[in-house]
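The values are calculated or read from the model by the stated rules, or taken from the named source; none is laboratory data. The shown structure was predicted, so the numbers you read here are calculated from the model rather than taken from an experiment. Every residue, glycine as well, gets a Cβ built from its backbone with ideal geometry; the counts of neighbours run over all protein chains shown. With ligands, DNA and RNA removed, areas are computed over all heavy atoms of the protein, side chains included. Shrake-Rupley method; radii C 1.70, N 1.55, O 1.52, S 1.80 Å.
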Amino acid sequence: MTAVFRVGLVRLVNRATQSPNLLQAQTNALPAAFQQRCSISGKTMRGGPRVPKAAPYPYKTKKYSVFNAFFDKTSKRFDENSKVICVEGPFAAGKSKFAKELAEELDMQYYPAVDLDLIYINSYGYDMRKLDPQLPPSCRSYDVRNFCLDPSHDLAAQFQIRMYMLRYSQYIDALQHILSTGQGVVLERSPYSDFVFMEAMFRQGYLSRGARSVYNELRQNTIGELLKPHLVIYLDLPVDAVKKQIKARNVDYEVQSKVFSDAYLSDVEQLYKQQYLKDISTHAELLIYDWTAGGETEVVVEDIERIDFDQFEADSHNKKMLDWRFPLEAEWCEARIKYCHYRSDLMNYFNVPRFDVPELLRSADDSKVWRDVWYNAPGMKYRPGYNAEMGDGGLLTKTKLGINQAI
């Protein structure tokens, strides 16, 4: 009921602030009330850096609610580069380097691959993994290093679910950014492709059928709340090349890992190509490159500049770019409110109670020990900014909490 009221109020706000002539014009042209310009352009084509059409909204420090929608519209900041691009590919394919270069050339915001440091290193820089000796086994840290060295551990299921949550949270951050600033975003992997790794883990026996069921239920409960990307770029490497790249970058726990077998890497490749890419291509544009010997970002940028992202607008039944077709300004504002103001509500969709998977449960005694140790660690007694022992000052005069809270 609250959501219905909120949607109705936003639309009422927009109608109340527009002239009758403008409302009539929008009514007569609903399918094309707002369209993003069709082609992304790089710095070389533009002849310089991107010039924002309007000043970015400070969404990290200022809320965007129904009230703010009275005075600050959303689509006015969009240009041809207001797009979501996801870079995908197997391990050690060179995604990070490529994604950074692509974001720089297109003047977009770069979002690196997530890892468990986002959970285990608090806002004061303290590594919570140092607490492991004080914690029971079910509550200790388990990150990518642990997974590579011991993939059959009971905490592997929790690890992959947390990776999905982090990717989901980061994707919301990216949507906040593009809707509040108009600047496009480049992400290294996304929540849409995360199931590839869960399914590969299940096939290799690292996850139980129950843990897989919980993951799929969480994904079904959450993924539909997001807006799919405009473009997916897949950097392709055969399994042999992936293994050579893993060895070449010489990360100790990867080189020693039991995980990166031919079977596991083949499963990842198969799931990417036969399921993820096939599914996402029904909405997003898709570019695939043989990256065995690397490649040139400039060539990819030229290919991107040739894509007409609006060619599907004429057919209302075409699913391409469907998530980004909002005929009314009010709908753009509703989406922005959803990702900026109600971010915590979206993350609460992960609270699906399941008590039939033992590896995802903790005993009451273990939870009590974890809470006592975790929330007495440096910088964890109070909210960030309110811990005097960490050097925070002005506690008596602070009245606001952070806009974006951690997971």
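Brief remarks on what is shown
- Separation of segment 117-141 and segment 320-359, taken as the distance between their Cα centroids, equals 29 angstrom.
- Pairs from Lys97/Lys368; Lys43/Lys319; Lys76/Lys228; Lys53/Lys100; Lys97/Lys398 whose Cα-Cα separation, in the structure shown, is over 32 Å: Lys97/Lys368; Lys97/Lys398
- Solution diffusion estimate, µm²/s, Stokes-Einstein, segment 204-329, Kirkwood Rh from C-alpha pairs, 25 °C, viscosity 0.890 mPa s: 138 µm²/s
- Phi to ³J(HN,Hα) by Karplus 6.51 cos²θ - 1.76 cosθ + 1.60 over segment 317-322, Hz, x for Gly, Pro: 8, 6, 7, 4, 6, 4
- Surface composition of the chain: carbon plus sulfur atoms hold 53% of the accessible area, using a 1.4 angstrom probe and ignoring ligands, DNA and RNA.
- For segment 377-393, backbone phi angles converted through the Karplus equation (6.51, -1.76, 1.60; θ = phi - 60°) give residue-by-residue couplings of 6, x, x, 10, 5, 10, 4, x, x, 10, 9, 4, 5, 9, x, 5, x Hz, Gly and Pro being listed as x.
- Where segment 66-382 is the region considered: accessible area per residue in Å², 1.4 Å probe: 43 Å²
- Antiparallel beta bridges, as assigned by DSSP with both residues in the chain, represent about 5 percent of the total such bridges.
- For the peptides 116-127, 351-362, residues were scored by their other Cβ atoms within 10 Å and the scores averaged per peptide; the highest-first order is 116-127, 351-362.
- In the chain, helical runs assigned H by DSSP with n ≥ 4 each contribute -39500 (n - 2.57); averaged across all residues and rounded to the nearest 500, the mean residue ellipticity at 222 nm is -12000 deg cm²/dmol.
- Whole-number Å³ per residue for the convex hull built on Cα positions in segment 244-285: 91 Å³
- Ordering Phe98, Ile121, Gln109 by the projection of their Cα atoms onto the charge dipole of segment 92-140, which places +1 on the Cβ of Lys and Arg and -1 on the Cβ of Asp and Glu, puts Ile121 at the extreme positive end.
- Charged-residue dipole, Cβ positions (Lys, Arg, Asp, Glu), the chain about Cα centre, Debye nearest 20: 1340 debye
- Diffusion coefficient of segment 56-141 by Stokes-Einstein, Kirkwood radius over Cα pairs, 37 °C, 0.692 mPa s: 189 µm²/s.
- You can think of it this way: the chain between Asp150 and Val255 has 36.5 nm of extra reach, that is 0.36 nm per residue less the Cα-Cα gap.
- On full extension, the segment bounded by Tyr382 and Asp279 gains 32.7 nm, given 0.36 nm per residue less the C-alpha separation.
- Across the chain, Cα pairs under 8 Å and at least six residues apart give a relative contact order of 28 percent.
- Amide H partners (placed H, <5 Å) of Ile288, local residues excluded: Tyr234
- For segment 66-382, convex hull volume per residue from C-alpha positions, Å³: 154 Å³
- Our coupling estimate for segment 199-206, obtained by passing each phi through the Karplus curve with A = 6.51, B = -1.76, C = 1.60 and θ = phi - 60°, is 5, 5, 4, 5, 5, 8, x, 7 Hz, Gly and Pro reported as x.
- For Tyr264, the shell of other residues with beta-carbons less than 15 Å away shows a net charge of -4, using +1 for Lys and Arg and -1 for Asp and Glu.
- Under-5 Å amide H pairs with Ile121, H placed in peptide plane, nonlocal only: Met128
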